[in-house]
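What follows is a set of notes on a single structure, which appears directly below.
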Ligand SMILES: [Zn+2]
């Protein structure tokens with residue numbers, strides 16, 4: 001699969017195309033029309049009444065949930081249409097929201113941004129080989145992410161200093177705000193300005209006088225800083241904190257007209273350094289406390305609940321083959337009352353198959369007027385996310401890959417449905433149903449047990 005296809009699949013613009021705006025003219029055949037990869041949808045309706053009414057309406061007209069072929073042909077390159085149609089539409093309409101597709105939870109992180117910029121094919125973002133090696137060295141340092149990000153900007157000439165702003169035709173005062181003797185560039189501001197030099201030379205790094213001055217290339221200076229830090233403080237590196245504080249001091253003067261004294265900058269950098277290294281020494285208590293979520297046994301669930309229990313599973317081979325879903329419903333007395341299974345069109349991942357299986361089970365039990373059901377499955381990610389959403393309805397959305405399913409499931413689940421993560425052995429009946437539906441390509445079936 002090409003990267004472009006991946007981008008489209010990840011671009012889950014799963015709302016139906018709105019009919020109101022007139023379609024733009026069809027694209028020329030060679031033109032790549034990609035929906036921007038940051039689009040994704042999320043259901044967050046505030047009005048419970050409207051939401052409930054919409055759920056009822058849309059449940060009665062499930063066939064409405066299909067891509068509009070005419071509009072797709074009007075707006076999308078023909079080659080991309082089958083890929084887009086592979087994306088299942090959510091059950092309920094919701095507004096589009098921007099999402100960063102390169103992390104699991106859709107939230108931007110510096111790490112993922114950096115990864116995108118430096119993956120094969122984009123090496124030109126890094127200025128030269130030495131700088132690439134230095135950057136790798138810096139990336140491995142145990143320093144706060146914001147400081148790492150700051151140094152990434154230093155090394156890629158991406159700080160908004162005067163000479164960079166002037167290059168973009170912004171009208172700025174070109175002089176260094178600390179000394180006024182030279183134009184403000186990154187190299188000058190952080191290393192060659194007489195104010196900055198004093199900060200470095202008075203710091204515990206023991207930079208010898210004149211050492212920074214004699215170097216007029218950033219990579220040369222960085223190599224020197226790595227070397228001197230290594231001698232001075234073994235594995236802990238103070239210099240990233242000093243550079244960061246110099247930049248903060250510049251901004252404080254630039255925006256708030258407040259001048260920090262040199263000892264103050266050094267002191268703050270050392271405090272940052274100490275707080276960070278101390279915090280790293282404390283074991284992560286929350287991880288120790290919670291660890292990996294533990295599966296509940298089906299027996300325990302049956303014993304403690306007075307509701308119906310529905311075990312759900314999916315069977316998935318790869319993104320090209322049809323998958324299978326299966327579920328089995330037990331009465332509060334533990335008697336099997338209903339089961340359903342179906343083979344389904346290919347889905348991208350095993351997790352998506354699990355989410356689809358649960359959505360289908362939920363949808364049909366709701367249609368059959370079951371209102372008090374505990375759904376159990378062996379997909380830790382899916383069921384733990386749902387348990388979390390149930391406890392904290394406004395928590396951060398879970399795994400992005402199945403976000404639209406999570407939204408549909410939450411919308412369908414009323415407040416009476418519950419979700420539990422169980423171990424694979426306890427889910428063998430649903431697993432068997434899903435496997436046989438997939439391998440025998442069985443049509444959608446619900447059967448009652450007597
Ligand atoms: Zn200066």
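Please treat every number below as a calculation from the coordinates, not as lab data. Keep in mind that what you see is a predicted model, and the values were worked out from it rather than measured. Quick reminder, even Gly has a Cβ in these numbers, built from the backbone with ideal geometry, and neighbours come from all protein chains shown.
Details
- Going by neighbour counts of Cβ atoms within 10 Å, the residues 200, 448 line up, fewest first, as 448, 200.
- Panel note: the C-alpha atoms of the range 319-450, placed on their principal axes, show extents of 40, 40, 28 Å (largest first).
- Placing a pseudo-label 7 Å from each Cα along the Cα-to-Cβ vector at residue 270 and residue 388 gives an inter-label distance of 4.1 nm.
- Virtual spin-label span in nm between residue 103 and residue 149, 7 Å along Cα→Cβ: 0.9
- Spin-label pair residue 173/residue 349, simplified geometry with 7 Å Cα→Cβ offset, distance in nm: 5.1
- For a modelled paramagnetic label at residue 294, 7 Å from Cα along Cα-to-Cβ, the residues of the range 345-384 in reach, with backbone nitrogen under 20 Å, are 376-384.
- Put simply, the range 164-249 fits an ellipsoid with semi-axes of 25, 12, 12 Å; these come from the alpha carbon gyration tensor as the roots of five times its eigenvalues, largest first.
- The residue 93 and residue 131 beta-carbon pair, evaluated with R₀ = 51 Å, returns a calculated FRET efficiency of approximately 0.55.
- Packing-based order for 438-447, 166-175, 371-380, using average beta carbon neighbours within 10 Å, highest first: 371-380, 438-447, 166-175
- Burial order of peptide ranges 220-228, 257-265 (average beta-carbon count within 10 Å, highest first): 220-228, 257-265
- For residue 423 and residue 66, the difference between the fully extended length at 0.36 nm per residue and the C-alpha to C-alpha distance is 125.0 nm.
- Neighbour-count ranking [beta-carbon atoms within 10 angstrom, fewest first] of 301, 242: 301, 242
- This ranking places 308, 191 by how few other beta-carbon atoms lie within 10 Å of each, fewest first, which gives 308, 191.
- Taking the square roots of five times each eigenvalue of the Cα gyration tensor of the range 123-281, the equivalent ellipsoid has semi-axes of 23, 19, 16 Å, listed largest first.
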